[in-house]
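See below for the structure under consideration.
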Amino acid sequence: MSKIQEWARLLDTAAQARSAVPQIDPQGRLSLDDAYAVQAASIACRLARDERRVGVKMGFTSRAKMVQMGISDVIWGRLTSAMQCEEGAPVPFARFVHPRVEPELAFVLKKDLAGDATAVEALAAVEAIAPALEIIDSRYRDFKFSLPDVVADNASSSGFVLGPWCDPRQDFGNLGLVLSIDGQVRQVGSTAAILGHPIRSLVAAARLSAAAGEPLRAGWVVMAGGATPAEWIRPGQHVAVEMERLGSAAFHVGG
């Protein structure tokens, strides 16, 4: 078994068992290409268990976060059917190791999108947009990891909740939003924090997904990236995002 396959199975097992594992790249020497190979192999394990690919998630879509991490491009991960959580319903805390949540804008596509798509072409491929919440989690012990570690671990993506689908022909480049936990405001932000405009995140998703031989497909969901810093979540909490003109998305944290 190759090291890529070994690491992929380690991370897949950790996700299934909801248990933390040591870093696979404590010295930060793993290349990003190899890290994405680990991610792809790990997701292949899920697909072998009859999960379905349903889209893509984007990460590090804040310019400040890119600078902090010393990178010049966004990262991405893969979404599967088992990761989608029902809006308004309980999401078991036991599904995760040390989860956090961040508010996002989500796209759903009405047609395939080529890797060299422009912003105009990307928008034309969008069926609808929605307020959304992403549950991010790291399978690494003590929440300690390098950039390649994060990429290998599916860019920390673990679950997502979608609010109502809305007409994408409205201006969604600078929509105000509030992330609340148990009715208390935790974060206030705007969709403009997502690469200046969320459509740029969709363009990047098309480019990166196509480069990996997995171009964006009709019906797929694209999570555009966090619009604010993430917040830790705990059992018993109610988590909600309210987004200007688009409505809300919410879930309860179960035991």
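All of the numbers you see were taken from the coordinates with simple rules; none came from a lab. Small disclaimer: the values here were computed from a predicted structure and weren't measured. Note that we place each Cβ from the backbone using ideal geometry, even for glycine, and neighbour counts take in every protein chain shown.
Dipole of the chain computed with +1 at Lys/Arg Cβ and -1 at Asp/Glu Cβ about the Cα centre; of Val97, Phe160, Ala230, farthest Cα towards the positive end is Val97. Here the calculated FRET efficiency for Glu231 and Ala119, from their Cβ-Cβ distance with R0 = 30 Å, stands at 0.50, rounded to the nearest 0.05. Between Ala128 and Arg29, the simple spin-label model (points 7 angstrom out along Cα→Cβ) gives 5.0 nm. Charge tally for Trp165 (other residues, Cβ to Cβ under 12 Å; Lys, Arg +1; Asp, Glu -1): -2. Taking the Cα centre of the chain as reference, the dipole from Cβ charges on Lys and Arg (+1) and Asp and Glu (-1) amounts to some 340 debye. Around Val97, with a cut-off of 13 angstrom between Cβ atoms, what is the net charge of the other residues, counting Lys and Arg +1 and Asp and Glu -1? So the surrounding residues net to +3.
Placing dummy labels 7 Å off each Cα toward the beta-carbon, the span from His238 to Asp171 is 3.4 nm. Here the simple spin-label model places points 7 Å from the Cα toward Cβ, and for Leu47 and Glu214 these points are separated by 0.7 nm. Rounded to the nearest 0.05, what FRET efficiency is calculated for Met1 and Asp142 with R0 set to 22 Å and r the Cβ-Cβ distance? Efficiency, from the Cβ-Cβ distance: 0.25. Taken over segment 33-156, the percentage of Cα pairs per 5 Å bin, counting from 0 up to the bin with the maximum distance, is 2, 9, 15, 22, 23, 17, 9, 3, 0.
Largest first and in whole Å, the equivalent-ellipsoid semi-axes of segment 68-223 read 24, 20, 16, each the square root of five times a Cα gyration tensor eigenvalue. Each peptide among 227-235, 191-199, 55-63 gets the average number of other Cβ atoms lying within 10 Å of its residues, and from highest to lowest they stand as 55-63, 191-199, 227-235. Over the chain, dividing the summed -39,500 (n - 2.57) contributions of all DSSP H runs of at least 4 residues by the number of residues returns a 222 nm mean residue ellipticity of -7500 deg cm²/dmol.
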